[in-house]
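This report refers to the structure that appears directly beneath it.
Any read-out appearing in this document is the output of simple, stated calculations on the displayed coordinates, not a laboratory observation. What you are looking at is a predicted structure, and each value in this text was computed from that prediction instead of being measured. Neighbour counts are summed over all protein chains in view; Cβ atoms, including those assigned to glycine, are modelled from backbone coordinates with ideal geometry.
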Amino acid sequence: MDVERLQEALKDFEKRGKKEVCPVLDQFLCHVAKTGETMIQWSQFKGYFTFKLEKVMDDFRTSAPEPRGPPNPNVEYIPFDEMKERILKIVTGFNGILGNAGLNAFKMMISM
């Protein structure tokens, strides 16, 4: 993975008013998911990661709209929009230190 190419793609992504999926940055996400090697600081990549996470959640909602059936009494029901906001708030506040559990969650999200 070429770091200069990656940084150029990040700059291009940030410059655009309308955010769009970028193949180079998606390839980087897959690289991190497979190897755990980040190569750049979280602060540089956070904007694209947040964009991609929100896109994955929106795509999920489109493919599996609510309601899904009777609620399970053992599980708290949280509306999609509320859960989405909770997740995005956590990501926005994340400082870049990722342990094994966080890395595994990241890998799972990327594989979607």
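Full extension of the chain segment joining Ile78 with Thr62 gains 4.0 nm, where the gain is 0.36 nm per residue of separation less the Cα-Cα distance. Ordered by the count of other Cβ atoms within 10 Å of each Cβ, fewest first, Thr38, Thr62 give Thr62, Thr38.
Relative to its Kirkwood radius, the Cα radius of gyration of region 54-94 gives an Rg/Rh of 1.02.
Full extension of the chain between Val21 and Lys46 gives 7.6 nm of extra length, using 0.36 nm per residue less the Cα-Cα distance.
Evaluating 6.51 cos²θ - 1.76 cosθ + 1.60 at θ = phi - 60° for every residue in region 31-39, the Karplus couplings come out as 4, 5, 4, 7, 10, x, 8, 8, 6 Hz, glycine and proline recorded as x. Taking other C-beta atoms within 10 angstrom as a stand-in for reagent exposure, Tyr48, Tyr77 fall in the order Tyr77, Tyr48, fewest first.
Its alpha carbons considered, region 24-76 gives a radius of gyration followed by a Dmax of 16.0, 45 Å.
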